[in-house]
Amino acid sequence: MPTNDVLLEVKDLVKHFPVAKHRNQQEKAVVKAVDSVSFNVHKGEILGIVGESGSGKSTVAKLVMQLLEPDEGQILFHGNDIFKESRKERIETKKQVQMVFQDPYSSLNPRMTAKEIVTEALIIHKKIAKKEVDNKALELLEEVGLGKQHLNRYPHQFSGGQRQRLSIARALSLKPDLIVCDEAVSALDVSIQAQILDLLKQLQKTYGIAFIFIAHGLPAVKQISDRIAIMYKGKIVEMASSDEIFDAPKHTYTKKLIDAIPPSHPKYRKDRMVRED
Ligand SMILES: Nc1ncnc2c1ncn2[C@@H]1O[C@H](COP(=O)(O)OP(=O)(O)OP(=O)(O)O)[C@@H](O)[C@H]1O
Ligand SMILES: [Mg+2]
């Protein structure tokens, strides 16, 4: 792809966390949460990041979201180093990069209605007038498969899948170029997962939104991603197209991840059949 198609460039990113050191230890002990990670996300691309618990996925997400500062390395968004931007530029970047978390219960304010949740950012950034709020809220809810009947409901009045749709509608409100989904479907049943993945894919196609889609396991990531990065102990050990990762995994850890998929998983069965043909 030509370089001007690059939306996000992550270069040699390092983030270490100090850990309590043992009395006898001389050196400072650290967890190398992110240990020289580099990758690009192209405009409108879905990049999957897979790795076991503690491999550094959420730390990468938090760095991209500017919730953490890196020890070393750079993140360029539309070619600008996000950690060198002025306060005003940072606010603009933050609007263009949105996040969907695993647990919408803790990320959605329980005292706000769906209407308030999806229009909050628009009101804060003065993007809509008061009289437009109802229409805009409905438009956003419909975008994610919810409707008029949901406008005045509170988060606890939604099912898990619907709550995740609500989080996605909120993320969409400022028309971002990139949405980071950190384990966004991990807590949902496989059938509901598939519906949410379809929705994300549809948003990618319709609006050209790029996604970083993080998960523990390969099946969900394979279903949605154009490319997949495999993380292991703070490093990306392999990165390739979705098909290549499955058909010709190179790293031992990637092979382990593929072997860990239960044979009963529908995605796996289909892939096996294709391969055996
Ligand atoms: N704020 C912090 N302080 C200290 N250590 C941290 C902090 N955040 C993360 N870590 C450590 O960094 C490593 C990577 O954590 P991270 O949350 O990025 O992993 P992950 O791949 O998202 O894991 P999971 O799949 O369980 O969500 C872990 O060893 C974690 O304990
Ligand atoms: Mg995590």
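Being assigned to a helix (DSSP H, G or I) and in contact (Cβ under 8 Å) with a residue 12 or more places away in the chain narrows it down to one residue among Leu188, Leu200, Leu174; which is it?
Leu200
Could you tell me which residue of the range 196-234 is surrounded by the fewest Cβ atoms within 10 Å (Cβ to Cβ), considering only residues that are over 16 Å from the mean Cα position of the chain (by Cα) and more than 23 Å from Val97 (Cα to Cα)?
Lys233
Out of Ile46, Ile82, which single residue is farther than 21 Å from Ala240 by Cβ, among the aliphatic types (A, V, I, L, M) and away from ligand 1 (no atom under 13 Å from the Cβ)?
Within the list Ile46, Ile82, the selection yields Ile82.
Kindly establish whether Pro262 is more than 30 Å from Leu122 (Cα to Cα) and assigned to a loop (DSSP other than H, G, I, E, B).
When the stated conditions are applied, Pro262 passes them.
Are any residues in the range 51-66 on the phi > 0 side of the Ramachandran plot and more than 7 Å from ligand 1 (Cβ to nearest atom), and if so, which ones?
Correct list: Gln66 only.
Please verify whether Phe77 is within 16 Å of ligand 1 (Cβ to nearest atom) and either touching an Asp or Glu at 6+ places or on another chain (Cβ under 6 Å) or touching a residue at least 24 places away in the same chain (Cβ under 8 Å) (or both), treating the condition exactly as stated.
Criteria not met by Phe77.
Taking the range 111-152 as the region of interest, how many residues are part of a loop (DSSP other than H, G, I, E, B) and either touching a residue at least 12 places away in the same chain (Cβ under 8 Å) or hydroxyl-bearing (Ser, Thr, Tyr) (or both)?
Selection size over the range 111-152: 10.
Filter the range 7-34 down to the residues that are more than 10 Å from ligand 1 (Cβ to nearest atom) and in a strand (DSSP E or B) and list them by number.
Listed by number, the residues that qualify are Leu7, Leu8, Glu9, Val10, Lys11, Asp12, Leu13, Val14.
Which one is nearest to ligand 1 (Cβ to nearest atom) among residues in the range 180-195 that are among the β-branched types (Val, Ile, Thr) and buried (at least 22 other Cβ atoms within 10 Å of the Cβ)?
Checking each candidate, the answer is Val180.
Only the coordinates and a few stated rules stand behind these numbers; no lab work does. Given the structure is predicted, the values throughout are model-derived calculations rather than measurements. Counting neighbours? That spans all protein chains shown, and the Cβs are built from the backbone with ideal geometry, glycine included.
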